[in-house]
1. Looking only at the stretch 147-183, which residues are of a type in the set (Gly, Ala, Ser), under 22 Å from Pro321 (Cβ atoms) and either at pLDDT below 95 or assigned to a helix (DSSP H, G or I) (or both)?
2. In the stretch 125-146, what residues are in contact (Cβ under 8 Å) with a residue 24 or more places away in the chain and assigned to a helix (DSSP H, G or I)?
3. Scan the stretch 161-176 and report the pairs whose first residue is assigned by TED's automatic domain parsing to the domain that holds Lys284 and among the charged types (D, E, K, R) and whose second residue is in a loop (DSSP other than H, G, I, E, B) and within 6 Å of ligand 1 (Cβ to nearest atom), with Cβ atoms within less than 6 Å and a gap of 6+ or a chain change.
4. Determine if the stretch 113-131 includes at least one residue that is buried (at least 18 other Cβ atoms within 10 Å of the Cβ), among the acidic types (Asp, Glu), under 23 Å from the mean Cα position of the chain (by Cα) and more than 16 Å from ligand 2 (Cβ to nearest atom).
5. Under 7 Å between Cβ atoms, at least 6 apart or on separate chains: pull out the pairs that start in the stretch 265-285 with a residue that is under 18 Å from Tyr301 (Cβ atoms) and in a strand (DSSP E or B) and end on any residue that is of a type in the set (Asp, Glu) and more than 16 Å from ligand 1 (Cβ to nearest atom).
6. So which of Lys261, Lys253, Lys293 is more than 16 Å from ligand 1 (Cβ to nearest atom), in contact with a helix residue (DSSP H, G or I) (Cβ under 9 Å, 6 or more places away or on another chain), on the phi > 0 side of the Ramachandran plot and outside the structural domain of Thr378 (by TED's automatic domain parsing)?
7. Every residue in the stretch 137-147 that is more than 8 Å from ligand 1 (Cβ to nearest atom) and in contact with a helix residue (DSSP H, G or I) (Cβ under 7 Å, 6 or more places away or on another chain), please.
Amino acid sequence: MTEKILIIEDDEAMQFFLSEALKKQGYRVIPFLDAESAFIWLEKERCDLILLDIKLPGIDGIEAIGPIRERSDAIIIVITAFGAEKHALEAIRKGAYDYFTKPFKLEEMEITIKRALEKHRLRRELEALKQRARESMLFPNIIGQSRAIKEVLSQVARVADSDVTALILGETGTGKELIAQTIHDHSPRKGKPFIKLNCVAIPEGLLESELFGHEKGAFTGAVSRKIGKFELADQGTIFLDEIGDMALSTQAKILRILQEKELERVGGTLPMKVDVRVIAATNKNLVSEVREKRFREDLFYRLNVVTIFLPPLRERKEDIPLLVDHIMEKMSKASGKKIYQISKSAMEILTEYSWPGNVRELENVVERAMVMVEEDTTVITPSHLPLHLRGLPEEIIFEFPKESASLDDAVSAFEKELILKALYKTKGVQSQAAQLLGITERSMWHRIKKYAIDIDRIKGLQDL
Ligand SMILES: Nc1ncnc2c1ncn2[C@@H]1O[C@H](COP(=O)(O)OP(=O)(O)OP(=O)(O)O)[C@@H](O)[C@H]1O
Ligand SMILES: [Mg+2]
């Protein structure tokens with residue numbers, strides 16, 4: 001990576017002379033004639049080193065060091081006029097790395113810059129390494145090095161300690177539940193229950209008893225006492241999943257319990273205090289749900305104390321290879337199988353794809369590919385990936401083998417792929433898969449044996 005050097009120098013001849021010399025050394029040079037405009041630039045951009053003239057119009061070099069330090073961790077080297085060394089010493093006291101007095105020898109300047117940058121680079125690398133080690137030690141199950149994921153992790157670290165209500169937003173499969181669980185596991189409530197409540201899955205009529213529990217005989221069918229989810233979560237955390245899809249009547253009930261921090265079992269007589277931390281998640285845009293009056297505004301404000309946004313996978317592509325490695329390792333461990341690898345071209349396809357189902361879809365694709373990999377190899381190649389990832393229409397099923405293969409081998413490979421596809425389509429139901437291919441169940445069974453297809457694994461995988 002080209003290192004960036006800022007030159008803040010009002011003498012245009014000097015500015016030009018330094019710029020040209022440093023460009024020749026391979027640096028990227030950004031010139032400024034005064035300190036104020038450099039401050040504005042530093043608000044948004046990063047550089048590695050700053051050559052700062054002491055005598056400047058407006059804010060002078062000495063005064064500029066403080067504001068620069070606030071905006072950047074770049075090395076500062078000051079340039080001062082001959083005979084004004086006392087300024088240079090003051091600059092160093094304020095945080096400059098070194099100084100030069102005019103006139104100076106260009107070679108000396110170049111060597112100093114080179115050494116300073118080297119030192120700076122090592123320091124930054126060490127910092128990054130330490131930071132990564134800290135984070136991955138804290139949250140080893142959350143994979144990713146993208147800026148976005150790092151931001152999420154530091155938010156998780158910040159909210160975990162407290163009891164603050166967190167709202168997790170993100171498309172389907174981005175890891176909302178994983179984050180909720182991680183917050184709980186790093187909070188003082190760890191070891192206490194983490195109770196998940198899927199807000200849509202509960203039929204309206206059963207809702208109240210599901211949330212609050214009921215006493216024996218509270219209604220027909222209440223043959224014994226039931227403890228509700230909120231009571232189960234006492235001392236722990238309740239995870240309200242899919243909160244954006246929750247019926248308005250449920251919203252009212254949840255709001256009440258959040259406000260009063262007490263509940264009453266259906267058919268019960270006394271209200272009970274509960275102490276729960278709430279984490280909610282949704283893939284809906286809650287702001288527009290509130291606008292459309294499908295979500296209560298008061299509940300929204302109660303939940304939305306801290307918002308954690310999980311960006312879609314296509315916006316953090318650099319995490320894809322790390323996630324793929326992680327998934328392969330997890331799968332290999334779980335099945336006691338060999339270590340898998342992935343070819344460069346297959347990884348490229350995975351990185352390019354847009355992943356509407358995000359990490360969950362990636363997991364499914366990688367798991368599926370691992371099942372598809374031939375017995376004698378352990379390398380995932382593009383042929384093991386679903387066609388739509390490769391930009392091919394579903395009808396084209398067969399690719400001519402690249403290496404020369406015998407006709408029998410090619411036909412077998414084709415047959416295996418077709419059988420696997422049919423089994424995936426039917427979620428591993430052999431009779432249906434046989435029907436799809438117009439063969440008998442017996443003949444399907446023979447082929448499953450012949451190709452050593454792991455039918456249980458296919459059944460276990462979710463539909464792509
Ligand atoms: N950063 C990550 N590192 C490792 N695994 C991840 C990461 N993000 C997601 N996963 C995995 O992806 C799968 C989907 O994650 P999760 O169930 O948390 O998503 P979700 O946002 O709750 O999805 P949905 O909206 O569909 O409920 C899980 O198996 C989870 O462990
Ligand atoms: Mg979820």
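1. Answer for the stretch 147-183, where residues must be of a type in the set (Gly, Ala, Ser), under 22 Å from Pro321 (Cβ atoms) and either at pLDDT below 95 or assigned to a helix (DSSP H, G or I) (or both): just Ala148.
2. The answer is Leu138, and nothing else.
3. Partner pairs satisfying both residue conditions: Glu171/Asn283.
4. No; the residues of the stretch 113-131 include none that is buried (at least 18 other Cβ atoms within 10 Å of the Cβ), among the acidic types (Asp, Glu), under 23 Å from the mean Cα position of the chain (by Cα) and more than 16 Å from ligand 2 (Cβ to nearest atom).
5. Close Cβ pairs satisfying both conditions: Arg277/Asp163.
6. Lys293
7. Across the stretch 137-147, the qualifying residues are Leu138, Phe139, Gln145, Ser146.
Condition check ((1) at pLDDT below 85; (2) surrounded by fewer than 16 Cβ atoms within 10 Å (Cβ to Cβ); (3) not in a helix (DSSP H, G or I)) across all residues:
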| site | (1), (2), (3) |
| --- | --- |
| Val366 | no, no, no |
| Ala369 | no, no, no |
| Glu399 | yes, yes, yes |
| Ala405 | yes, yes, yes |
| Asp408 | yes, yes, no |
| Phe414 | yes, yes, no |
| Ser443 | no, yes, no |
| Ile453 | no, no, yes |
| Asp456 | yes, yes, no |
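The values are calculated or read from the model by the stated rules, or taken from the named source; none is laboratory data. As the structure is a prediction and not an experimental result, all values here were calculated from the model. Counting neighbours? That spans all protein chains shown, and the Cβs are built from the backbone with ideal geometry, glycine included.
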